[in-house]
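Here's the structure, in structure tokens; my notes come after.
The values are calculated or read from the model by the stated rules, or taken from the named source; none is laboratory data. It should be emphasised that the depicted structure is a prediction, and the values quoted were computed from it without experimental measurement. Don't worry about glycine lacking a Cβ; one is built from the backbone with ideal geometry, like all the others, and counts go over all protein chains shown. These area figures cover heavy atoms from the full protein model, side chains too; ligands, DNA and RNA do not enter into them. Shrake-Rupley method; radii C 1.70, N 1.55, O 1.52, S 1.80 Å.
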Amino acid sequence: MEIVESVLNLPVQNPVEEDFSSADLTWTKFGTDEHHDNVALIPYDRVDTFIIGECSNAECPTRFHIERGRKRSRGSLKEYKNDEYLEYKLYWCSFGPENYGEGGGVLPSRKYRLNTRNRAARPQSMRGCTCHFVVKRLYARPSLALIIYNERRHVNKSGFVCHGPLDRDAIGPGAKKIPYICNEIQQQTMSMIYLGIPEENVLEKHIEGIQRYCGSNAKVDSLASQYVQKLGMIIKRSTHELDLDDQASIRMWVERNKKSIFFYQDSSESDAFILGIQTEWQLQQMIRFGHRSLIAADSTFGIKRLKYPLCTLLVFDSRQHALPVAWIITRSSAKPDVAKWMKALLGRASSVEPGWKINGFLIDDAAAEIDPIRDIFGCPVLFSLWRVRRSWLRNIVKKCNNIEVQREIFKRLGEIAYSIWRGVDTLSALEEFTNDFVDQTAFIQYFKASWVPKIEMWLSIMKTLPLASQEASGAIEAYHVKLKAKLFDDSHLGALQRVDWLVHKLTTELHSSYWLDRYADESGSFQNVKEEYIASTSWHRALQIPDSSVTVSDKDHLFAKVSSQKDSSLTHLVWNPGSEFAFCDCAWSLQGNLCKHVIKVHMICENRDGYQPSMSFRSFKEMLTGLWEKPMDDSVGLDLSIAWAHQMLDQITQLAELNGSNNVGAVVNNMPLKWVSKKGRTSVGIPSSIQALPSSSKNGPNHAAAHKKNQKRKRLSRLR
């Protein structure tokens, strides 16, 4: 926009509407290149109608009060410029400071609060709104007024809407009459809106939740309807772009959502960008399901398509489904950076639950830093094969047209993976593999470029670390597939390079989806959501297939047949049965996924002779065998190995007893009694004033009087 340097060059605007606002005017930049304002020139006698129009803003209704004013008498200036004022008035939105939001502050013209009557009607009107403008009645032309708009948006210093229907924290004039809406009801309503459920269904469930607290009432139903409509409007109009600059937009989001951030490091010349997101609900789930259990990582998601890759930390809930409990957005996998956010995450959990600890950490990337996990979480590290299997199968199906060739290639790659315990030369096996399938040019080129340079690293990590089970791998893959469907929708392709879009998508739609899944499962409501949630992993879908639907070839163990439950005439073939690298011809498997037919066949084969054990069981067996063979007789190493073996045996025995018992209380009572310090006892809820084992020397009357006097002092100190 061209900058105008003289008021004489500004057009006089006089809209035909009875009341008009800033939206009805054309604004011009007035001033110099170094400093300029947005201005408009109107007749002075229409200033009041302009202010009335500004107050009637549908999205941010308000009133403006005069914050500062000056006057000059005519003839008081001998020399003056064209923009000198005869009257000067600064109008400020009545939802403006005392408090700007974060940090606080006062209006520029006063250092104390004014009990003025021309503020907004609500007593909670100090919302930190920065919207204000200046009206200058021109000295040279008293019939005209120059309007200088310093801030047209009704936002606080952080750049967020701070009053009106679009303000998430706004309280209406009838706040005292609005029924109680707990966090659970609010989260349920928001989740349903984010997931696109029709407003009638949302309102029905919202009213059902409210009626649990205040019963059925026409007024309550009316207010609930208004609440749902307002919440829907807020969500519909919300946007991820808080600023055109992505980096500035993220800073604003972080400032607004500090409770959902466990670590933030802005990018600089020396530091990499790191954003760790964890909502309060995710923290609760991590503490609940992660304590003395497993945490898994779906790492490097979107490394080719997103601006920064996404790492998700997952716990396994009561149904052993993968539940996202933290998101880390960063490109850095350096050990110091990984240690930073891991320490922050553990510190946050420990501040809520001091004794919180995990028993294992699952990784899916051979290049991941293991030392920070062991140093910070103090637990074993396991490796999941799902990413390797998925990548190989997807590219085999994509680059090879013949299904028989696809089966054979996948089987041979599985044999290379299984050979890590047989001492086979990896390079020779790879050379033989590429020679045998040299005619599959597209796949061999991909394999040589993407896997041959690093396959020894991947095979080494498979041999070194314990391998995760198919149930865990399937749960992680199910989350990955759902995340991919949510983020890589065709309608969002233009926003993939913006971090604020990724954050918005994770914390709204994806978070709401998992919250509603857990709520439906635990509360029994939303039966269709619960059924979809239960069947969301291939492992649970495999459990629904009866054993009678599986036919295994006993002669050469080449394939197995699984009859379809929906169409009895349809049969799926599973080649290389019993292996993690089994190949199924169903549509879900041909997309690279671990399907229910492969898992079901694996369940059948593990109980039959002639089939090799799973890689996770083979890994566990190799570790125990190595533990037995490693120490020399009568050495300290032997003592240490025996101690480790007994410790593992005790833990496995207790876990098996707990899982197989119907009376948890009886199992707990049989466990050995553990004494903890007084500080530890009080930290978990036992009052320090209660003495569990009173000494006989302190039972006399003198001690009783002293104890009573001490209690009185404590009560008095609390009153002060």
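Okay, here's what the table says:
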| quantity | calculated |
| --- | --- |
| Ordering of 28-35, 612-619, 653-660 by burial proxy (mean other Cβ atoms within 10 Å per residue, highest first) | 612-619, 28-35, 653-660 |
| Volume per residue of the C-alpha convex hull in the range 375-458, rounded to whole Å³ | 116 Å³ |
| The range 511-576-the range 434-508 distance, computed between alpha-carbon centres (Å) | 23 Å |
| For the range 390-429: span of alpha carbons on each principal axis (Å, largest first) | 33, 18, 14 |
| The range 284-299 versus the range 12-85: alpha-carbon centroid distance in Å | 58 Å |
| Solvent-accessible area, 1.4 Å probe, carbon plus sulfur percent, for the range 357-511 | 47 percent |
| Taking N as its residue count, the alpha carbon Rg of the range 319-454 over 2.2 N^0.38 Å | 1.38 |
| Entries of Lys307/Lys454; Lys482/Lys600; Lys157/Lys230; Lys343/Lys530; Lys259/Lys343 with Cα pairs more than 26 Å apart | Lys343/Lys530 |
| D (Stokes-Einstein, µm²/s), Kirkwood Cα radius, the range 461-602, 1.567 mPa s at 4 °C | 74 µm²/s |
| The range 1-71 - percent of accessible surface contributed by carbon and sulfur, probe 1.4 Å | 47 percent |
| Relative frequency of Cα-Cα separations exceeding 20 Å in the range 550-659, percent | 57 percent |
| Viscosity 1.306 mPa s, temperature 10 °C, Stokes-Einstein D of the range 438-494 from Kirkwood C-alpha radius, µm²/s | 108 µm²/s |
| Cα Rg, Dmax, the range 237-293, angstrom units | 14.4, 44 |
| Rg followed by Dmax, in Å, when the range 1-80 is reduced to its Cα trace | 15.1, 46 |
| Cα centroid separation - the range 392-416 against the range 330-385, whole Å | 34 Å |
| Extended-chain gain in nm, criterion 0.36 nm per residue less alpha-carbon gap, Ala218 and Ser661 | 154.5 nm |
| Vicinal HN-Hα couplings computed from phi for the range 54-66 (Karplus, 6.51 cos²θ - 1.76 cosθ + 1.60; Hz; Gly/Pro x) | 5, 5, 9, 4, 5, 7, 9, x, 7, 9, 10, 10, 7 |
| Residue-by-residue Karplus 3J(HN,Hα) for the range 28-39, coefficients 6.51, -1.76, 1.60, Hz, glycine and proline x | 10, 7, 10, x, 10, 5, 6, 9, 8, 10, 8, 10 |
| Trypsin sites (Lys or Arg not before Pro) restricted to the range 498-580 and DSSP loop, no more than 12 other C-beta within 10 Å | Lys555, Lys566 |
| Ranking by accessible area, most exposed first, for Met603, Met457 with a 1.4 Å probe | Met457, Met603 |
| Pairwise label distance in nanometres, Glu531 with Trp644, each label 7 Å out on the Cα-Cβ vector | 4.9 nm |
| Amide H contacts of Glu84 (H built 1.01 Å from N, under 5 Å, at least 5 apart or other chain) | Tyr139, Ala140 |
| Diffusion coefficient, µm² s⁻¹, Stokes-Einstein with Kirkwood Rh over alpha-carbon pairs of the range 208-316 at 20 °C and 1.002 mPa s | 120 µm²/s |
| GluC sites (Glu not before Pro) restricted to DSSP loop in the range 566-625 with at most 13 other C-beta within 10 Å | Glu606 |
| Cα gyration tensor shape for the range 217-262, rounded if a/c is under 1.5, else prolate or oblate | oblate |
| Å² of accessible area per residue within the range 260-346, as computed with a 1.4 Å probe and no ligands counted | 38 Å² |
| Pairwise label distance in nanometres, Asn14 with Glu84, each label 7 Å out on the Cα-Cβ vector | 2.6 nm |
| Karplus (6.51, -1.76, 1.60) ³J(HN,Hα), θ = phi - 60°, over the range 334-351, in Hz, Gly and Pro reported as x | 5, 4, x, 5, 5, 5, 4, 6, 5, 5, 5, 5, 5, x, 5, 5, 5, 5 |
| Solvent accessible area, Å² - Trp539, 1.4 Å probe, full protein context | 60 Å² |
| Of the trypsin sites (Lys or Arg not before Pro) in the range 384-471, those whose Cβ has at most 13 other Cβ within 10 Å and which sit in DSSP loop | Arg422, Lys454 |
| Computed magnitude of the charge dipole of the range 543-587 (debye, nearest 20; Cβ of K, R +1, Cβ of D, E -1) | 100 debye |
| Amide H within-cut-off set for Ser333, under 5 Å, with H built and near neighbours excluded | none |
